[in-house]
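No value in this document is a laboratory result; all are computed from the given coordinates. These numbers come from a predicted model, not from an experiment. We place every Cβ from the backbone using ideal geometry, glycine too, and count neighbours over all the protein chains shown.
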């Protein structure tokens, strides 16, 4: 007896996994979370409704074909085809109602597929009675082609189980029809293909071909659905991840990352003229000492909600949160030809919102803003497996420095001369000073907005 050791078993398992991924397609890592499964279930409900309506249309098409074709041979007293069609319509309408009301459980869906196929086979079987022909007559009915349509319909649900049920039910049903014809005493077996095509005789090989074709189509569809379902799970997971990502970073950043032609790498970025706005809450350290951590988080959430509204309304993108501070950019991620003007308007809107409101009904969170305009780099920084999409450069550092200088000059908004020029007319700017920012040799002219 040969026992495979762990070292040998691991490569074998890896090879089997690669083979499985090759055949079935690469699936998601781990089990999808409940919210993802819920999204798929909702899609399945809509798919079942679509299947019901398409099937209803097919049956109406059957009825139209029947109405314009010869109904019977002379003297036939009983017409079974209309009864089978009526039963088909009733069952389909009943399932449509059940689908709209979400009554269809997996066992009921399986039962529904079996009933559909039984009715289709019953419709084919009834032809020899309707036209008063020997039982083998129905084996040449072109209605067999609709079997493939009914199998394919189940693929709309993206669940291979129901395709397999439909396919095996169809193959089993056709085998039963063949057995019934053979047991009727009216079946003449031939090996002559021409005779088979021009008489009621039966070519056994042709009937076996039909069954094999049904099973092969079923297998191919089921395999395709397994692969498609695994891709669907990955796509839904990626979609949910992208939607969640847009809550942690600016939606524009999420779009830029997801729309990138190649995966972002450290250092990927672009240089462009933009305006940068830094914000910070006055006296935040003192406030943090007075309230509990839970209360502080609640206040910050309310504050960020108000400030984010002002940023969004002026076309800014919140690139980064740093504790109580925010880094907002204009024209860095999304185009904005009036970025300097909108950055100043945004600072004024933030100033107004924090002056008028007591957050949580008790806390005043007056906000200091520093604005600068210049050429900055927008892109990914960090390690290969841990990236941050942000803006950086000397002009960004100046905006951060201006925000800090508000405390020295007892102001709430400071802007550089480049921002003042870019903002244009309509603002009451007042020159404050010329300061030497760390890292620069020449002084930087700074301005505030008159209260």
Checklist outcome for this item: Taking r as the C-beta separation of residue 60 and residue 305 and R0 as 45 Å, the FRET efficiency to the nearest 0.05 is 0.25
Item to check | Peptides ranked, highest mean first, by Cβ atoms within 10 Å: ranges 396-403, 173-180 | outcome: 396-403, 173-180
Checklist entry - Hey, rough spin-label estimate for residue 43 and residue 101, points 7 angstrom out along Cα→Cβ, what's it come to in nanometres? => result 2.8
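For the stretch 151-207, count the residues as N, evaluate 2.2 N^0.38 Å, and divide the Cα radius of gyration by that value, please.
Compactness ratio reported: 1.52.
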Next on the checklist: Normalised by the empirical 2.2 N^0.38 Å for globular proteins, what value does the Cα Rg of the stretch 33-244 take?
Outcome noted: 1.19
